[in-house]
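This report refers to the structure that appears directly beneath it.
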Amino acid sequence: MSLFTAENLSVSFGGIRAVDGVSFDVDNGEVFTIIGPNGAGKTTIFNLVSRIYNPTGGRLMFDGADITAVAPHKIAALGIARTFQNIELFEHATLLQNLLLARHAHKRSGFFSELLFLPSVRRMEIEHRAAVEHVIDFLDLQQYRDSLIVNLPYGVRKVTELARALCTNPKLLLLDEPSSGLNVEETEDMAFWIQDIKTVLGITVLMVEHDMTLVSAVSDRVLALNYGKPLAIGTPRQVQNHPDVARAYLGG
Amino acid sequence: MCQFTTGPHSALTALNSCSYCRRTRRHQIARHKGWKLVTFLQLTLNGLAVGCIYGLVALGFVLIYKATELVNFAQGDLLMLGAFVAYMAVVWWKLDYWVAFLISGVLVAAFGALLDAVVLRRVIGQPQFAVVMLTIGLGSIFRTFASVTWGSEIYTLPTPFGGVTTIGGVTLSHQYLSIVAGTFLLCGVLYLFFTYTRIGIAMQATSQNQLAAYYMGIPVKLIFSLIWAISAGVAAAAGILLSPVTLIDTNMGFAVALKAFAAAVLGGFGSIPGALVGGIIIGLIELYAGAALSEGLKNTAPYIVMLVVLAIRPQGLFGTLARKKV
Amino acid sequence: MRFLFKTSYEQDIRLFRDRTDAFWYGLLALLVLALPFAIDEYYVGETSWVFIYALCGLSLMVLVGYTGLVSLGHAAFLGIGAYAHAYFLQLGLPWVISMVLAVAITTAAGFVVGLPALRMTGIYLAIATLAFAVIIQEVFSRWESVTHGFAGMPVGKPIIFGISFDDDRSFYYLCLFFLLIALWLTRNLLRAPTGRAWIAIRDSEIAAQSMGVYLAIYKSFSFAYSAGLMGLAGALFAHKIAYLAPDIFTILLSIQFLLLVIVGGLGSLHGAVFGAIFVALLPPLIAILRDSIPDSLASFAAATGIPPIGSLGAAIGAFLAKPGVEAGIFGLILVLVILLEPLGIYGRWLKIKLFFSTFPMYKKATFKRQKSYMRSERLR
């Protein structure tokens, strides 16, 4: 059962076709990875799905609905969460505030009740905090709870990105290069977490990655891109052995 | 006494930026019934002159912004300092006008470079808003310094551009012609400098990509100081050219800076030709509005136009909309 | 050193961190309430100015400190609130109704100004607000039927429900009351999702959108709420200054408010209050110094037998007496604060508290922030 489908997706920036006729679908509960050299259009696809960019062609279907024209701030409520390649955390807020912000899509209080901080708002705050604690436990972030993001090391920030995306209670999680900048130990942790996200939390994962060991370890299916065009799609082994992919990407 | 209130075109030549008229608020506006070509040409010339001043100050803003991403809210006060130094050279030290022009330009330029080296270099990396407030504070200090050093009254700078030429009914004041000529001369020199000299090209490189400039061996900090020097020098020149029109006082820079901002924003903050074009547009609007509309609208017409342009095209006429790449 | 052992979510949510904090704030509240009975009537009046400025600072703190939208023309909203309130009082409306209407009108104006702000960023927004302020100032001068233009508009003392607040002491309590309400309301917003959404907009708009924050609504609300607070301050300002004129609400006043929030400490409610204390009390302080320095240095010179000290004192006194020096001193302090203590008075207060609580293991680098150099880092 396909949770997310991209049909013939294209976007051009001026004369450059960043994404050119890419089609793929992501089944419910699988980990789908997009690989490709730098500049292949991987993050651009993510930006299209998050609706930061508008596609010049093609369609995006999520959970049976067409989301090609949905406004960017409505995507989180639909159930799509993403992490950013270059860490877009809220630097001058604490980790806890970052995670609580992810609950914003599930906010049910209006301005005036917040202005007076009515008991209903207080109750909802406690609910949000309880929900966020589950994620903090899952990713072992307890000791950083009240630290400002500016004070945290890079590895912890990467994990916080993941935590923040998880706090939105997504059905589809977009991970943009989750292991970039992490050492071997941290990458192994990330691999375990992605597997837990898939099996324990039941969230579908769409991932962009360069680290082929991580890709082979966690992915169910892989799509290889080059210059915005799809090269091959299949299991990690099939894609790695594909001649086009070897030529373009792995230097074979 | 405003030297233009007694002429036949007093309404048009004594601009709303004339400090005496603004102060007494007894400015008589001659109503011209109906448009005549002569009137229109007169307005256009005067608007061009005023616009050139705004354009020069806006040019200073944009030069600094392009290089360092800082907005220098003290630009107007550098203009004021330039005017005062020239006044001091001519009236106190009894020097020739052109010598005073040169001295003022060089001194204020050196001061601008010093500002960059001593003060601005320390705040690189702080959020933009903090640096903007820093320059506002500096402007305040300059105004007080001027008030303490030279006095808080209105002063006149004697210039060699007295008199008018009349061509076909259109009165060309030599002061105004000097402003336009001076602006185009200055802009021409700057254009040649940036395009054909090594330092100019190095400046362009630095403003586009600091890190790459460092790698190419360009002394980036020195270049920044030079850009500040040029910017301050341009402001000083604008101040000296403006002095005969608005007379010199400590607040002359502030009013001009506000309109020059509008000009820079209108042209698009990253664009040097945009600054000039924006300045001239603002100047023309001010003059046309002053002749055709009521007093209140005359003062605010440039800002209203700027707001309309920003609403339709937020990046100004020549600017580009930058978006963070995620 | 105080350790906070958290056992419930309530501890994060409630107004005061723990019993000790509540105690100290309570003590401060008692001090402030008792102040009018302890000091001279003149200083009570000056402290009312502190409260009004604190309201203005709070307004700008919400917009600039928490949402990250710079406004260079906020004095315009102060003027709108002041003139609206004065106008409705003149029409004979009861004080409370007039005040509510003034705040409502200013809030609506803030919302209107916020709409085009949705499309503009950074410096463009700042200059657009500047243009707006110039236009509003012109409106104050020209709309004579409402504002009496340059002739000015006298404003009487407040009469609320028949009680007249015409002396300094009662007005002090009135201003304090409104300041406390405003602080409470703002604190409520800041500990609720709205406040977090504002901080998100300040730090990273794109990430905020991905988390479901509708930028347009929150930016507009920030402008509207900020303007509303300014309207409230404006109504009190009108009573305090007693005579409204268009050339009170200038760009220079807006800049003074920005100075207030920066010197106080951007990004905290305490900063608004600290900044207000600074801005309201500096001019009287300068006046006192101007009068007392020449005499005290002269007597010091006579006592120690060094005449130059006496002439130095006279020179300082003469310098401080010149026109326009106050603005220069404000500018100098602003420059020094940004260069030396960017976190403002509140930042320095936090550092001092940390120093004493972690003595002798205080590390200066605790507050060091990473600077952003690359151009792309500046775009939010």
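Laboratory data are not the source of any read-out in this text; all were calculated from the coordinates shown. As the structure is a prediction and not an experimental result, all values here were calculated from the model. Using ideal geometry, Cβ is built from the backbone for each residue, glycine included, and neighbour counts are taken over all protein chains shown.
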key: Cross-link partners of residue C:6 among lysines (Cα-Cα below 24 Å; sequence separation of 8 or more within a chain)   = C:351, C:353
remark   = Per residue, the convex hull enclosing the alpha carbons of segment B:137-219 has a volume in Å³ of 203 Å³
query = Using Cα atoms only, what is the angle between the long axis of helix B:37-68 and the major principal axis of chain B, expressed in degrees (0 to 90) to the nearest 10?
reply = 20 degrees
ask   = Do you know the relative contact order of chain A, to the nearest whole percent, from alpha carbon pairs under 8 angstrom that are 6+ apart?
value = 28 percent
task = With unit charges on the beta carbon (Lys/Arg positive, Asp/Glu negative), name the residue among B:308, B:164, B:196 whose Cα is farthest towards the positive pole of the charge dipole of chain B.
result = B:308
Leading residue at positive end of dipole, the protein assembly as shown (Cβ point charges), from C:339, C:123, B:64 = B:64
ask   = Length gain on complete extension for the stretch residue C:243 to residue C:27, per 0.36 nm per residue less the alpha carbon to alpha carbon distance?
value = 74.2 nm
remark   = If C:211, B:133, C:230 are placed from fewest to most neighbouring beta carbons inside 10 Å, the sequence is B:133, C:211, C:230
query = Pick from B:299, B:251, B:209: which is most flexible by mean-square fluctuation in a GNM of chain B where alpha carbon atoms under 10 Å apart are linked?
reply = B:209
query = What are the semi-axes of the equivalent ellipsoid for the protein assembly as shown, taken as the square roots of 5 times the Cα gyration tensor eigenvalues, largest first, in whole Å?
reply = 51, 38, 28
remark   = Using eta = 1.306 mPa s and T = 10 °C, Stokes-Einstein with Kirkwood Rh from Cα pairs puts D for segment B:69-171, in µm² s⁻¹, at 101 µm²/s
request  = Using a 10 angstrom cutoff on alpha carbons, build the Gaussian network for chain B and name the most mobile of B:200, B:267, B:82.
outcome  = B:200
key: Directionally averaged shadow of segment A:13-69, computed from the convex hull of its alpha-carbon atoms, nm²   = 4.5 nm²
remark   = Hull volume per residue for segment A:91-153, using the convex hull of the C-alpha atoms, in Å³ is 95 Å³
query = Say the cut-off is 18 Å between C-alpha atoms; which of A:158/C:368; C:240/C:322; A:171/A:198; A:171/A:229 go over it?
reply = A:158/C:368; C:240/C:322; A:171/A:229
query = In units of 2.2 N^0.38 Å, what is the alpha-carbon radius of gyration of segment C:84-172?
reply = 1.37
note = Given backbone amide H placed at 1.01 Å from N, residues whose amide H is under 5 Å from that of residue A:231, ignoring those fewer than 5 places away on the same chain, are A:224, A:225, A:226
note = Per residue, the convex hull enclosing the alpha carbons of segment A:166-245 has a volume in Å³ of 107 Å³
request  = With the convex hull built on the Cα atoms of segment C:142-183, state its orientation-averaged projected area in nm².
outcome  = 4.7 nm²
ask   = For segment C:41-250, with equal point scatterers placed on the C-alpha atoms only and solvent neglected, what are the log10 I(q)/I(0) values from the Debye formula at q = 0.15, 0.17 1/Å, to two decimals?
value = -0.92, -1.13
task = State the Kirkwood hydrodynamic radius of chain C in Å, one decimal place, computed from all pairs of distinct Cα atoms.
result = 22.8 Å
inquiry  = Apply the Karplus curve 6.51 cos²θ - 1.76 cosθ + 1.60, θ = phi - 60°, to the phi angles in segment B:78-94 and return the couplings in whole Hz, x for Gly and Pro.
reply    = 5, 4, 4, 5, x, 4, 5, 5, 5, 4, 4, 5, 7, 8, 7, 9, 6
request  = Take the eigenvalues of the Cα gyration tensor for segment C:259-346, scale each by 5, and report the square roots as semi-axes in whole Å, largest first.
outcome  = 32, 12, 12
ask   = Once the Cα atoms of helix A:184-199 and of chain A are each reduced to a long axis, what angle between those two axes, in degrees from 0 to 90 to the nearest 10, is obtained?
value = 80 degrees
key: Residue-wise HN-Hα coupling along segment C:232-249, computed from phi with Karplus coefficients 6.51, -1.76, 1.60 (Hz; x: Gly, Pro)   = 4, 4, x, 4, 5, 4, 4, 5, 5, 7, 6, 8, 8, 9, x, 8, 7, 8
query = Roughly speaking, what % of Cα-Cα pairs in segment B:33-254 are separated by over 32 Å, rounded to a whole number?
reply = 24 percent
message = Just to be sure I understand: with springs between alpha-carbon atoms less than 10 Å apart, which residue in A:29, A:14, A:39 has the highest mean-square fluctuation in the Gaussian network model of chain A?
response = A:14
request  = Arrange B:171, C:107 by Cβ neighbour counts within 10 Å, fewest through most, would you?
outcome  = B:171, C:107
note = The residues C:270, A:210, sorted from fewest to most surrounding Cβ atoms within 10 Å, come out as A:210, C:270
message = Looking at segment B:211-326, I'd like the Rg to Rh ratio, where Rg is from alpha-carbon atoms and Rh is Kirkwood's inverse mean 1/r.
response = 1.07
query = Based on the Cβ-Cβ distance from residue C:8 to residue A:212, what FRET efficiency comes out when R0 is 51 Å, to the nearest 0.05?
reply = 0.65
key: Contact order relative to length of chain C, as percent, for alpha carbon pairs under 8 angstrom and 6 or more apart   = 26 percent
task = Quick one: dipole size for the protein assembly as shown, taken about the Cα centre, charges +1 on Lys/Arg Cβ and -1 on Asp/Glu Cβ, in debye to the nearest 20.
result = 940 debye
task = Calculate how large, on average over all directions, the projected area of the Cα convex hull of segment B:48-110 is; give the answer in nm² to one decimal.
result = 4.8 nm²
key: Length-normalised contact order of segment A:91-153 in % [C-alpha pairs under 8 Å, at least 6 apart]   = 64 percent
ask   = What does the charge dipole of segment C:41-250 about its Cα centre add up to, to the nearest 20 debye, if the Cβ of each Lys and Arg holds +1 and the Cβ of each Asp and Glu holds -1?
value = 600 debye
message = Quick query: amide H of residue A:23 versus all other amide H atoms, modeled in the peptide plane; which residues come in under 5 Å with a sequence gap of 5 or more or a different chain?
response = A:8, A:9
key: Under 5 Å, built H, 5+ apart or other chain: amide partners of residue A:174   = A:81, A:82, A:83, A:206
ask   = Say the dipole of the protein assembly as shown comes from +1 at the beta carbon of Lys and Arg and -1 at that of Asp and Glu; which of A:65, B:80, C:273 then lies farthest toward its positive end?
value = B:80
ask   = Which whole-Hz couplings ³J(HN,Hα) result when phi for each residue of segment C:105-111 is put into the Karplus expression 6.51 cos²θ - 1.76 cosθ + 1.60, θ = phi - 60°, listed in order with x for Gly and Pro?
value = 5, 5, 4, 4, 4, x, 4
inquiry  = Debye calculation, C-alpha points only, no solvent: report log10 I(q)/I(0) for chain A at q = 0.12, 0.13, 0.17 Å⁻¹, in the same order as the q values.
reply    = -0.72, -0.84, -1.34
